[in-house]
Amino acid sequence: MELLTIGAFARASRLSPKALRLYDELELLRPARVDPDTGYRYYAVSQLERARLVAWLRRLGMPLTEIRAVSALEGADAAREVRAYWARVEAETAARRDLAAFLVDQLTAESGRDHTDMLELRYAARADRGHVRTVNQDTVYAGRRLLAVADGFGPAGAPASGAAVEALRFLDEAEELRAGSVLNLLEDAVRGANEAIRDLGDGGDGADGSGATLTALLRTGSRLALVHIGDSRAYLLRDGELFRVTHDHSVVQSLLDEGRLTPEEAAVHPQRSLLLKALGGATVPVPELRLQEARAGDRYLLCSDGLTGVVTDERIAELLAAASRPADAVEALIDAANAAGGPDNIGCVVADAVPGAGRAA
């Protein structure tokens with residue numbers, strides 16, 4: 001077996017001797033031989049492939065614990081783990097990018113643009129029991145500033161979804177909602193909602209497993225502030241094209257993001273209703289929060305998975321575009337879900353952004 005000194009091996013693998021000593025201590029890359037007298041490390045030429053993989057993964061920013069797992073796998077399995085890791089990085093980067101854009105916009109006085117033009121919302125909301133469930137655990141709300149949908153689950157699912165929406169309703173009557181503070185208000189409301197839902201459980205500790213998703217949009221001037229937890233969704237229909245505004249906080253969505261499932265497999269996955277984030281747990285979930293520009297002519301849809309679980313995005317886009325009024329769109333969407341079997345409660349809120357008569361406060 002041909003051996004290389006630690007210096008020669010470091011040069012060949014593009015890892016420093018210091019890094020090699022660390023990886024030895026962590027049992028990530030052990031030397032082939034250690035001199036018993038001098039403690040000097042020697043490496044086999046055959047170890048270069050693994051060492052180079054470790055070096056590349058470190059350049060990706062992968063934590064050492066994950067590198068240990070990946071480097072122990074064979075080609076296809078290792079590739080799958082690298083793809084999954086990078087999907088998580090991209091998702092985290094996208095969230096930070098949105099926050100950075102918001103901060104830049106605020107710090108440069110809105111980038112010289114006028115965001116004070118008032119928009120108003122024309123809206124309709126309805127929650128339907130569906131054809132299978134015995135109770136309706138969805139709660140919907142639509143008002144002059146606030147749109148919200150919550151999907152409850154567990155023994156106290158209906159009160160849980162109601163508590164989630166109720167925690168936000170005071171914002172619908174607020175007269176002054178500054179863009180710089182509205183996200184903080186929504187984050188505080190999430191804490192209140194989580195506590196209220198936990199109080200519904202036996203002993204006030206949420207131990208009965210009840211909880212709720214929450215997706216809401218809050219209007220401030222010409223912007224909408226989003227708060228999102230779970231797998232209810234928000235969509236935007238703009239110029240005839242449907243955009244999904246939210247990202248599901250579910251096990252199946254994470255597997256899709258990581259390339260472990262195809263969309264076809266996700267649609268029939270036995271754990272497609274299992275959530276990674278929901279209100280009502282022992283700790284307050286970190287919500288998705290962001291601001292986005294609204295335009296006159298935009299149509300927004302907030303809905304529970306009782307709609308999206310059985311009606312495709314393509315069909316949703318068709319129904320939203322065909323309806324002349326928000327109320328007509330709500331009825332058409334619920335009818336489509338029930339026509340597909342109505343296996344779950346169906347909560348829908350549809351709102352049109354229209355020019356307002358005044359200016360934002």
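Looking only at residues in the stretch 217-247 that are over 15 Å from L301 (Cβ atoms), in a loop (DSSP other than H, G, I, E, B) and under 18 Å from the mean Cα position of the chain (by Cα), which one is modelled with the lowest pLDDT?
That would be H247.
Six or more apart or on different chains, Cβ atoms under 9 Å: show the pairs whose first residue is in the stretch 146-165 and within 10 Å of N345 (Cβ to Cβ) and assigned to a helix (DSSP H, G or I) and whose second is among the hydroxyl-bearing types (S, T, Y) and open to solvent by 10 Å² or more (accessible area, probe 1.4 Å).
Sorted first by the residue in the stretch 146-165, then by its partner, the pairs are A158/T139; S161/T139.
Residue-wise test of (1) touching a residue at least 24 places away in the same chain (Cβ under 8 Å); (2) open to solvent by less than 30 Å² (accessible area, probe 1.4 Å); (3) touching a Cys at 6+ places or on another chain (Cβ under 7 Å); (4) over 30 Å from G221 (Cβ atoms).
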{"site": "L242", "(1), (2), (3), (4)": "yes, no, no, no"}
{"site": "H247", "(1), (2), (3), (4)": "yes, no, no, no"}
{"site": "L256", "(1), (2), (3), (4)": "no, no, no, yes"}
{"site": "P270", "(1), (2), (3), (4)": "no, no, no, yes"}
{"site": "L274", "(1), (2), (3), (4)": "yes, no, no, yes"}
{"site": "L279", "(1), (2), (3), (4)": "yes, yes, no, no"}
{"site": "P285", "(1), (2), (3), (4)": "yes, yes, no, no"}
{"site": "E293", "(1), (2), (3), (4)": "yes, no, no, no"}
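State yes or no: is G341 on the phi > 0 side of the Ramachandran plot and either small (G, A, S) or open to solvent by 60 Å² or more (accessible area, probe 1.4 Å) (or both)?
yes
Among the residues that make up the stretch 319-333, is at least one of them charged (D, E, K, R) and out of contact with any Asp or Glu (no Cβ under 9 Å at 6 or more places or on another chain)?
First, pick out the residues of the stretch 319-333 that are charged (D, E, K, R): 325, 328, 331.
Narrowing the set further to residues that are out of contact with any Asp or Glu (no Cβ under 9 Å at 6 or more places or on another chain) leaves 328, 331.
Yes, the stretch 319-333 contains a residue that is charged (D, E, K, R) and out of contact with any Asp or Glu (no Cβ under 9 Å at 6 or more places or on another chain).
Hey, among the residues in the stretch 206-216 that are buried (at least 24 other Cβ atoms within 10 Å of the Cβ) and either at pLDDT below 95 or not polar (S, T, N, Q) (or both), which one's nearest to R290 (Cα to Cα)?
The extreme case among them is A216.
The values are calculated or read from the model by the stated rules, or taken from the named source; none is laboratory data. As the structure is a computational prediction, the values presented were derived from the model and not from experiment. Every residue, glycine among them, receives a Cβ derived from its backbone with ideal geometry; neighbour counts consider all protein chains shown. Quick note on the areas: whole protein, heavy atoms, side chains included, nothing else; ligands and nucleic acids left out. Shrake-Rupley method; radii C 1.70, N 1.55, O 1.52, S 1.80 Å.
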